[in-house]
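Participant: Sharing a structure, written as structure tokens. Questions coming.
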Amino acid sequence: MLWGLSSALDLYDEYLKAFKIKDDPKKDEDSQEKGADGDGSSNALNILICGGADPRHVIKTLAKRYTHRNQPNLNIYMLDGCAEIVARNMLLLGVALEDPESFSLVCKAHLFMDLYGNAVIRPSSHHYMAAKGRTLLQMVTDEEKLKALAPMLNIEGLKYKERDGLEMSFSFWQPNPLNVFVVTSYWEQRVRTLLGTRYDHRNGAFDWDLNMTLKDRGGQQICSQEYRYWRETGVAFVFPEYEHCKPNKTLAAGLVRNGHTYLHRGYVGDIQTGPFCGFGLRTTEERMHHSMHGDNDYRATDITERNLLELFHELQTQTPYEHDPTRSRKYGSVQLLMTPLLNYQEEDAAGQATYDKPWIQMPGVTVHFMSPMDMLQLQKGAIRWNNMFDVAFMAYNYYSFLSKDFFQAMRAQALFILETKLMTVERKDHVQEYESKARELMKEAGLKAAINYQAINAKNMWLKYKKTDKDEPEDEVEAEPENIPQIENDEDDDGLSEQFSGIVIEEIPSENQTVSSIKKEVQAEGPLQLNRHLL
């Protein structure tokens, strides 16, 4: 995976909410001596992110840190499966924390979106990727350079083999004619293999995945035209003034040096959901979620832009962000006329700009990059990680590494967040089976649900469980709004309420049969058949 399938979280805020901790720096006069769990350790909160695939949680946690009155030191441990993803995470963090003099806020947001979610990028983004790659190469090979530019990064947990992988990634990003990455061909091959005989009718398959699956699971903000264009070309975030013609080499995986060239596995990332989930599903401005007859005013692209502008503004200024409504353009119901992707040529980047200024300083924050081999140690409950983490986030595709011994790495008071398969296009019963197994495992490990998961047909983007030594019942609050992103639908409910106004429902439908599915069947069979569905 090259991006996450759940929205960005402020992990420190999630910890405070889970344990109902008051955000008051004066609550404990000895806060400088006691840890977050009050065990007498240093005043630090240790956060583990397993398989995050991108730095969305890190960016939001750092951006919102100024909003908390009590600010413990944050040690964030990022664990991903290969060196190419680690290199990509470093690049995206570098964009988020780039010196404000290098880019305006809007340019920085569009640069991040280009490198984050587009298989084919703008020439300016390609030049930044190459130039920043050279700077990152110096940072991972020169400890003094790393401390001078980004003292918050710590790569001591990476083995030398993995550091060699970083060197190969940064070198492969350079505009060398031998560094071939024909992503458009790789993308088309993947789509053809996935669809098989349905490839000639792929637009229908794309619409089915979006409208019958993703929109029912919280992806209402994703518009049909942007989703279809991404499924066809790999370009997710589009603005009319930009042309995309350069390959996004940060999406390459499995790099191996072969003389003066590189062998790789092509593109092996997601081709069904898209990079819209991380920042593009919800925003604090409710007006941007308005839709009419199923057509959104704003695309997930516009929501992503608005959220990134907020986060980058807060990282730079440590002040609240006020969005200019004229900044976001209403392209939700507009079919943009896209030109064919341009051909590109690898050419020398001599004379291009360099990006070697120090990153935005984040006092009290350290981002540790871990070796993929540490995942096996965590799975087996290795002693070196015992009682280490206050918060742990795990992506759904890392669930196979989860075990009862894994929770030994969590402190006596700790929060565990597991990403679900909600925002995949897998069958509903597979999603429910995954959640059921995960809940059973966490209950066996002695964890308690942080929110109520007993609601019928609840849609959960995460499962939040807490480890505590206190004898307290599980929380009985309803699922938080962020777990079930919704947009108002004003076209169907009124007609159904009039049609069924004279019918009394005496029993509640079963868990396996949703009210929406009953409505669809009743519309086809007639209102007199409603009782048959409910009795």
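Participant: Which of the residues that make up region 224-242 are among the basic types (Lys, Arg) and open to solvent by 30 Å² or more (accessible area, probe 1.4 Å)? Working first, answer last.
Facilitator: Our first condition is that a residue be among the basic types (Lys, Arg); within region 224-242, this holds for 228, 231.
Matches in region 224-242: ARG228 only.
Participant: May I pose another question? Would you confirm whether or not region 125-134 contains a residue that is of a type in the set (A, V, I, L, M) and touching a His at 6+ places or on another chain (Cβ under 6 Å)? Steps first, answer last, please.
Facilitator: As a first pass, look at region 125-134 and keep what is of a type in the set (A, V, I, L, M): 129-131.
Among the residues that remain, those that are also touching a His at 6+ places or on another chain (Cβ under 6 Å) are: none.
No, there is no match, as no residue in region 125-134 is of a type in the set (A, V, I, L, M) and touching a His at 6+ places or on another chain (Cβ under 6 Å).
Each row is one residue, and each column tells you yes or no for (1) of a type in the set (Val, Ile, Thr); (2) part of a helix (DSSP H, G or I); (3) under 30 Å from ALA130 (Cα atoms); (4) modelled with pLDDT under 95.
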{"site": "PRO275", "(1), (2), (3), (4)": "no, no, yes, no"}
{"site": "PHE279", "(1), (2), (3), (4)": "no, yes, yes, no"}
{"site": "TYR298", "(1), (2), (3), (4)": "no, no, no, yes"}
{"site": "ASP302", "(1), (2), (3), (4)": "no, yes, yes, yes"}
{"site": "PRO320", "(1), (2), (3), (4)": "no, no, no, yes"}
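Participant: Here's a follow-up. Please find, among VAL95, VAL182, the residue that is closer than 17 Å to LEU251 by Cα, surrounded by fewer than 21 Cβ atoms within 10 Å (Cβ to Cβ) and not small (Gly, Ala, Ser). Walk me through it before giving the result.
Facilitator: Numbers: VAL95 fails: surrounded by fewer than 21 Cβ atoms within 10 Å (Cβ to Cβ).
That would be VAL182, the only listed residue that is closer than 17 Å to LEU251 by Cα, surrounded by fewer than 21 Cβ atoms within 10 Å (Cβ to Cβ) and not small (Gly, Ala, Ser).
Participant: Still on this structure, I have one more. Which of the residues spanning region 394-420 are in a helix (DSSP H, G or I), under 16 Å from the mean Cα position of the chain (by Cα) and surrounded by 20 or more Cβ atoms within 10 Å (Cβ to Cβ)?
Facilitator: TYR396, TYR398
Rundown of residues vs (1) β-branched (Val, Ile, Thr); (2) within 16 Å of LEU315 (Cβ to Cβ); (3) at pLDDT 95 or above; (4) under 20 Å from the mean Cα position of the chain (by Cα), yes/no style:
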{"residue": "LEU48", "(1), (2), (3), (4)": "no, no, yes, yes"}
{"residue": "GLY52", "(1), (2), (3), (4)": "no, no, no, yes"}
{"residue": "PRO55", "(1), (2), (3), (4)": "no, yes, yes, yes"}
{"residue": "ILE59", "(1), (2), (3), (4)": "yes, yes, yes, yes"}
{"residue": "CYS82", "(1), (2), (3), (4)": "no, no, no, yes"}
{"residue": "ILE85", "(1), (2), (3), (4)": "yes, no, yes, yes"}
{"residue": "LEU92", "(1), (2), (3), (4)": "no, yes, yes, yes"}
{"residue": "GLU101", "(1), (2), (3), (4)": "no, yes, no, no"}
{"residue": "PHE112", "(1), (2), (3), (4)": "no, yes, yes, yes"}
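Residues checked against (1) at pLDDT 95 or above; (2) part of a helix (DSSP H, G or I):
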| site | (1), (2) |
| --- | --- |
| LEU308 | yes, yes |
| HIS313 | yes, yes |
| THR339 | no, no |
| GLN345 | no, no |
| ALA350 | no, no |
| ASP356 | no, no |
| GLN361 | no, no |
| ASP390 | yes, no |
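Participant: Looking at (1) touching a Ser or Thr at 6+ places or on another chain (Cβ under 9 Å); (2) closer than 27 Å to PRO123 by Cα, which one does ARG190 not meet, given that it meets all the others?
Facilitator: Exception for ARG190: condition (1).
Participant: How many residues are out of contact with any helix residue (DSSP H, G or I) (no Cβ under 8 Å at 6 or more places or on another chain) and of a type in the set (S, T, N, Q) when one looks only at region 373-412?
Facilitator: Result for region 373-412: 2.
Participant: Within region 142-152, identify whether any single residue is in contact with a strand residue (DSSP E or B) (Cβ under 6 Å, 6 or more places away or on another chain) and farther than 19 Å from TYR77 by Cβ, and answer yes or no.
Facilitator: No.
Participant: Restricting region 205-223 to residues that are among the hydrophobic types (A, V, I, L, M, F, W, C) and open to solvent by 10 Å² or more (accessible area, probe 1.4 Å), which is nearest to HIS430 (Cα to Cα)? Working first, answer last.
Facilitator: So the first thing to find is which residues in region 205-223 are among the hydrophobic types (A, V, I, L, M, F, W, C), and the list is 205-206, 208, 210, 212, 214, 222-223.
Narrowing further to those that are open to solvent by 10 Å² or more (accessible area, probe 1.4 Å): 205, 208, 212.
Working: ALA205: 20, TRP208: 18, MET212: 16 Å.
Among residues in region 205-223 that are among the hydrophobic types (A, V, I, L, M, F, W, C) and open to solvent by 10 Å² or more (accessible area, probe 1.4 Å), the one nearest to HIS430 (Cα to Cα) is MET212.
Participant: Could you grab me the full set of residues in region 133-170 that are more than 13 Å from PRO358 (Cβ to Cβ), touching a residue at least 60 places away in the same chain (Cβ under 8 Å) and of a type in the set (Ser, Thr, Tyr)?
Facilitator: SER169
The values are calculated or read from the model by the stated rules, or taken from the named source; none is laboratory data. For clarity, every value in this text was computed on a predicted model and none was experimentally measured. Positions of Cβ are backbone-derived with ideal geometry, glycine not excepted, and every protein chain shown enters the neighbour counts. The protein model used for the area step is the full one, side chains on, heavy atoms only, and it has no ligands, DNA or RNA in it. Shrake-Rupley method; radii C 1.70, N 1.55, O 1.52, S 1.80 Å.
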